[in-house]
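Each remark here refers to the structure printed beneath this line.
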């Protein structure tokens with residue numbers, strides 16, 4: 001039996017069921033393709049972001065390089081156009097810096113609302129990809 005805390009209910013920021021964010025590359029705190037989370041996710045990897053180069057460079061400049069592949073962690077590196085469950089605080093930091101990337105609301109976990117106002121997410125909302 002795992003010592004990991006119980007996963008929070010899979011509800012998105014608009015009150016519906018949490019939809020997948022990315023299966024290629026596979027994202028999420030649980031690496032299940034969704035922005036699911038639990039109490040041990042200190043980074044709150046709950047915002048399903050459609051990445052832009054500007055956003056990725058902002059993260060890199062803040063010490064979170066998501067562009068460089070890390071084969072030892074089975075991490076392919078990300079590029080503009082990928083979707084990824086990013087830390088709510090990192091997305092909010094980018095928002096405040098004017099470089100927030102688009103967000104898929106149906107795939108963004110409701111827990112993100114603890115750090116990011118719903119209005120900010122709606123400002124950058126995009127449709128769920130088929």
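The values are calculated or read from the model by the stated rules, or taken from the named source; none is laboratory data. Everything numeric in this text was worked out from a predicted model, so none of it was measured. Note: ideal-geometry Cβ built from the backbone for every residue, glycine included; neighbour counts use all protein chains shown.
Any residue at all in the stretch 67-75 that's in contact with a strand residue (DSSP E or B) (Cβ under 6 Å, 6 or more places away or on another chain) and modelled with pLDDT of 95 or more?
no
Among the residues of the stretch 27-58, those that are within 17 Å of residue 111 (Cα to Cα), surrounded by 17 or more Cβ atoms within 10 Å (Cβ to Cβ) and free of Cβ contacts under 8 Å to residues at least 60 places away in the same chain comprise 27, 28, 29, 30, 33, 41, 45, 49. One residue is enough: does the stretch 77-86 have a residue meeting the conditions surrounded by fewer than 15 Cβ atoms within 10 Å (Cβ to Cβ), under 15 Å from residue 125 (Cα atoms) and either touching a strand residue (DSSP E or B) at 6+ places or on another chain (Cβ under 8 Å) or in contact (Cβ under 8 Å) with a residue 60 or more places away in the chain (or both)? Yes, the stretch 77-86 has at least one match. Within the stretch 112-122, the only residue that satisfies the criterion of being surrounded by 12 or more Cβ atoms within 10 Å (Cβ to Cβ) and farther than 15 Å from residue 46 by Cβ is 122.
Going through the stretch 88-97 one residue at a time, which ones are within 21 Å of residue 127 (Cα to Cα) and either free of Cβ contacts under 8 Å to residues at least 24 places away in the same chain or surrounded by fewer than 21 Cβ atoms within 10 Å (Cβ to Cβ) (or both)? Across the stretch 88-97, the qualifying residues are 92, 95. Inspect all residues belonging to the stretch 109-120 and state whether any of them is under 11 Å from the mean Cα position of the chain (by Cα) and touching a residue at least 24 places away in the same chain (Cβ under 8 Å). Checked against the condition, which is being under 11 Å from the mean Cα position of the chain (by Cα) and touching a residue at least 24 places away in the same chain (Cβ under 8 Å), the stretch 109-120 yields at least one hit.
The conditions of being in contact (Cβ under 8 Å) with a residue 24 or more places away in the chain, surrounded by fewer than 16 Cβ atoms within 10 Å (Cβ to Cβ) and either closer than 14 Å to residue 104 by Cα or touching a strand residue (DSSP E or B) at 6+ places or on another chain (Cβ under 8 Å) (or both) are not met by residue 20.
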